[in-house]
Amino acid sequence: MTDAIRKLVKYVFGKDPGGEKIRYLIVGAATTLVNYGMFELLHSLVGLGVTFSNVTAISASIVFAYAANKLIVFRRRSGSLRGLALEFFKFVGSRLFTMGLEIGIVELFYRGLGADARIGKVVAQVFVIIANYFISKLIVFEKSGGET
């Protein structure tokens, strides 16, 4: 590895606060691929309805995103089963909120504007990714007093 690549890897996976944002963008991109890929598979290839395909895709991406954000982005460990359950429910609750936002945007594009649902899906992802970062950072994976 070159020195520049080593520095980049150290920055992204080290303790620098900026690395967290880059990790979030990487995980967010992967989560978006899971979400959009599942939507495309169910809606375009299998032929299921827009809303069913969208809800199923978002649900699959929520489970993926929880594990990836907890372990890779925010690097949180749960001290107890109760703490893990509380964190998971906060995460799912926050994602249900942004799922409503996403469904509303897709429906607006598809039914309200008569546009292709996939365009609405892409537009919605921009808003959802930004909202999810701040909710996860400030509410779901907030640092407790003894956590590093």
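The values are calculated or read from the model by the stated rules, or taken from the named source; none is laboratory data. Just so it is clear, the structure is predicted and the values come from calculations on it, not from any experiment. Please note: Cβ atoms are built from the backbone with ideal geometry, for glycine as well, and neighbour counts cover all protein chains shown.
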Taking the stretch 119-128 and keeping only residues that are at pLDDT below 90 and either farther than 17 Å from residue 33 by Cα or surrounded by 17 or more Cβ atoms within 10 Å (Cβ to Cβ) (or both), one is left with 121, 125, 128
Can you list residue pairs whose Cβ atoms sit under 6 Å apart, with the first residue in the stretch 55-74 being within 28 Å of residue 117 (Cα to Cα) and the second being assigned to a helix (DSSP H, G or I) and among the basic types (Lys, Arg)? Count only pairs 6 or more apart in sequence or on different chains. 62/95
Tally of residues being buried (at least 19 other Cβ atoms within 10 Å of the Cβ) and within 11 Å of residue 51 (Cα to Cα) across the stretch 103-116: 2
Quick check: is even one residue across the stretch 97-113 within 14 Å of the chain's Cα centre (by Cα), in a helix (DSSP H, G or I) and in contact (Cβ under 8 Å) with a residue 40 or more places away in the chain? yes
Looking at 86, 42 in this structure, which one is surrounded by 13 or more Cβ atoms within 10 Å (Cβ to Cβ) and at pLDDT 95 or above? 42
